[in-house]
Amino acid sequence: MRNHPIVEKFMELVAIDAVSLNERQLADKLTQELIELGCEVFEDGAGGKINGNAGNLIAKFPGSLPGHILFCAHMDRVEPGNGIKPQIKDGVIHSDGSTVLAGDDLTGIAAILNALKVVRQSGREHATVEVIFTVCEERGLAGSKNLDYSKIQAKSGYVLDTSGKVGRIVNRAPYKGTATIEVFGKAAHAGNFPERGVNAIMAAAYMLSGLKEGRLDKYATSNFGSIYGGGENIGTVCDYVKIRGELRNINREELYGYYDYVKAYCESRIKETDAECKLDFILDYDGFEVPEDEHTMKFLTDTMLSMDIQPQIETGMGGMDANNFNTQGIRSVGVAMGYRDPHALHETIVIEDLVRAGELVEQLILNYRE
């Protein structure tokens, strides 16, 4: 199976560097390939809005049957993601251990390209296929947040950006927001007059002590993962600290309820110091849920069963472009492509799953009817 066209395509694409905000080279390559497959290709202006060097690619693969079906995968990858050297051993693709593998999400791209090629060569009738290759998905779904949705006609879509064995479906994903906490102290000479200062670092540490965070419940998490303050001059009492955290919850009201708890807790604790704090919250994207009896889900699970693939329907706690698609009225779910341990240096792809993923996309195209 290592010589299967979809494997060769993945190995070719993974050699093209494309970390977030630097997808230009890959976007140009994919534009060329999509045109050669008979697609009309449009690149939107998302790159300029997010300070990247490429926009989202929107392609239409015309069909003779009524209706439109959407497939999406993202072009970018997390770091370290340049200079990837893919290896194949015992039916599994992995990197050399110094980088990620970028199966997240080149497996989705390879599956789409391979499926379009097979469908075109078959000469069989099909509905129009809309393909979206997004930029900067790994940074808060920035590409799909700035996508030109006026170019999209499909109302049903499949985001090929989910880890695990083919058959895994994510039909529910959380709302996600970013909380920012600023702590204001008072600068002073650390040697001569430390008592005149208010150390914002110490105040921040006291303020956060005891805060409920991490795994809040089965469908709610928080992570205060960034803290900055002070700079290089340790001879001055630190007067400013900035803390950023991400909050996730399947339930929108509970997400905001947790932020209210964080705000009240921090404001109460900071009063016990001589510092002050300011909190802010931004909703990054909406959550979604596509019930199993809706057409988008039913068609997917029926197609899987016809291929002897057992659907495994789950709630995911990660974000994907489907979050933004559903907000725009495009009923979308995440579909596993066979990669495992995304964002890790030991990320892998089982070749059998990758081949199966391509076959699934083929069948979805050939059997889709509105």
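The values are calculated or read from the model by the stated rules, or taken from the named source; none is laboratory data. The shown structure was predicted, so the numbers you read here are calculated from the model rather than taken from an experiment. No Cβ is skipped: glycine too gets one built from the backbone with ideal geometry, and neighbour counts run over all protein chains shown. Just the protein is used for accessible areas: all its heavy atoms, side chains included, with ligands, DNA and RNA removed. Shrake-Rupley method; radii C 1.70, N 1.55, O 1.52, S 1.80 Å.
Just a few scattered comments:
- Among (1) more than 14 Å from the chain's Cα centre (by Cα); (2) basic (Lys, Arg); (3) more than 29 Å from Gly67 (Cβ to Cβ) - the single one Lys151 does not satisfy: (3)
Matching residues to (1) more than 19 Å from the chain's Cα centre (by Cα); (2) touching a residue at least 12 places away in the same chain (Cβ under 8 Å):
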residue: Asn3; (1), (2): yes, no
residue: Leu30; (1), (2): yes, yes
residue: Gly52; (1), (2): no, yes
residue: Cys72; (1), (2): no, yes
residue: Arg77; (1), (2): no, yes
residue: Ala102; (1), (2): no, yes
residue: Ala110; (1), (2): no, yes
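- Filtering region 144-153 for residues that are within 23 Å of Gly81 (Cβ to Cβ), crowded, with 23+ Cβ neighbours inside 10 Å and at pLDDT 95 or above leaves a non-empty set.
- Within region 165-189, residues that are closer than 30 Å to Val361 by Cα sit with their Cβ atoms under 8 Å from residues that are among the hydroxyl-bearing types (Ser, Thr, Tyr) and open to solvent by less than 10 Å² (accessible area, probe 1.4 Å), at 6+ positions apart or across chains, in these pairs: Arg168/Thr162; Ile169/Thr162; Val170/Thr162.
- None of Gly167, Gly140 is open to solvent by less than 20 Å² (accessible area, probe 1.4 Å) and under 25 Å from the mean Cα position of the chain (by Cα) except Gly167.
- Residues that are in contact (Cβ under 8 Å) with a residue 60 or more places away in the chain, closer than 23 Å to Ala220 by Cα, in a strand (DSSP E or B) and among the small types (Gly, Ala, Ser) do not occur anywhere in region 278-298.
- The listed residues are Leu21, Leu101, Leu13, and the only one of them that is buried (at least 23 other Cβ atoms within 10 Å of the Cβ) and either in contact with a Leu (Cβ under 6 Å, 6 or more places away or on another chain) or not in a helix (DSSP H, G or I) (or both) turns out to be Leu101.
The rows are residues; the columns are (1) open to solvent by 30 Å² or more (accessible area, probe 1.4 Å); (2) in a loop (DSSP other than H, G, I, E, B); (3) free of Cβ contacts under 8 Å to residues at least 60 places away in the same chain.
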site	(1), (2), (3)
Leu300	no, no, no
Thr303	no, no, no
Gln310	yes, yes, no
Gly319	no, yes, no
Asn324	no, no, no
Ser332	no, no, no
Ala344	no, yes, no
Gln363	yes, no, no
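- Of everything listed in (1) open to solvent by 50 Å² or more (accessible area, probe 1.4 Å); (2) within 27 Å of Lys242 (Cβ to Cβ); (3) assigned to a helix (DSSP H, G or I); (4) of a type outside the set (Gly, Ala, Ser), the single unmet condition for Arg356 is (2).
- Checked against (1) touching a residue at least 60 places away in the same chain (Cβ under 8 Å); (2) closer than 20 Å to Ile69 by Cβ, Ala142 passes all but a single condition, namely (2).
- Residue list for region 201-212, restricted to those being within 31 Å of the chain's Cα centre (by Cα) and surrounded by 15 or more Cβ atoms within 10 Å (Cβ to Cβ): Ala204, Leu208, Leu211
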